[in-house]
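These notes concern the structure reproduced below.
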Amino acid sequence: MERIALVEPGVGSFGQARRVAVAKAGARLARPVIVAWKDDTSCKSAPEIPGAKEDRWHTCGERNDGVLELEVGDAYHFIFTDADGFVEPDLNLATLEDKGTRFLCLNDACTEEDKQKRGYFPGGGVRG
């Protein structure tokens with residue numbers, strides 16, 4: 001896995017560091033996807049595995065096709081994979097929201113009224 005330390009003055013939050021890392025990864029990978037991360041300022045990481053050793057997030061990133069590790073400002077760490085060439089599944093599902101409740105339905109089962117509701121997103125997930 002390639003490792004790069006980015007010296008970024010003024011990065012004071014996880015969100016800012018993530019944006020910097022994604023931009024850098026986008027210049028190196030066709031379709032960068034974060035597979036693991038660690039925030040030293042809050043001691044949080046993902047994936048979060050209760051009871052695991054402190055570096056488990058890193059091992060998980062490596063084992064899930066991590067190809068690029070970016071460290072932003074000595075405090076934020078991101079492992080990326082390149083999703084170029086991955087097959088995206090057609091789940092044939094849509095996410096709907098009705099009065100604050102989200103649910104899934106088969107695309108073919110959604111009525112036109114369902115499709116007009118806020119939160120309708122073919123393929124799953126919620127846009128918004």
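Of note:
- The range 24-71, residues that are touching a Lys or Arg at 6+ places or on another chain (Cβ under 7 Å) and either free of Cβ contacts under 8 Å to residues at least 40 places away in the same chain or among the hydroxyl-bearing types (Ser, Thr, Tyr) (or both): Ser45, Ile49, Trp57
- Strands (runs of 3 or more DSSP E) lying entirely in the range 13-72 (those with 2 or more residues that are modelled with pLDDT of 90 or more and touching a Gly at 6+ places or on another chain (Cβ under 9 Å)): 32-39
- Summed over the range 1-31, the residues that are closer than 17 Å to Asp82 by Cα and loosely packed, with under 13 Cβ neighbours inside 10 Å give a count of 6.
- Qualifying residue in the range 76-98 (condition: of a type in the set (D, E, K, R), loosely packed, with under 14 Cβ neighbours inside 10 Å, at pLDDT 70 or above and within 22 Å of Gly15 (Cα to Cα)): no
The values are calculated or read from the model by the stated rules, or taken from the named source; none is laboratory data. Here the structure is a predicted model, which means the values were calculated and not measured. We place every Cβ from the backbone using ideal geometry, glycine too, and count neighbours over all the protein chains shown.
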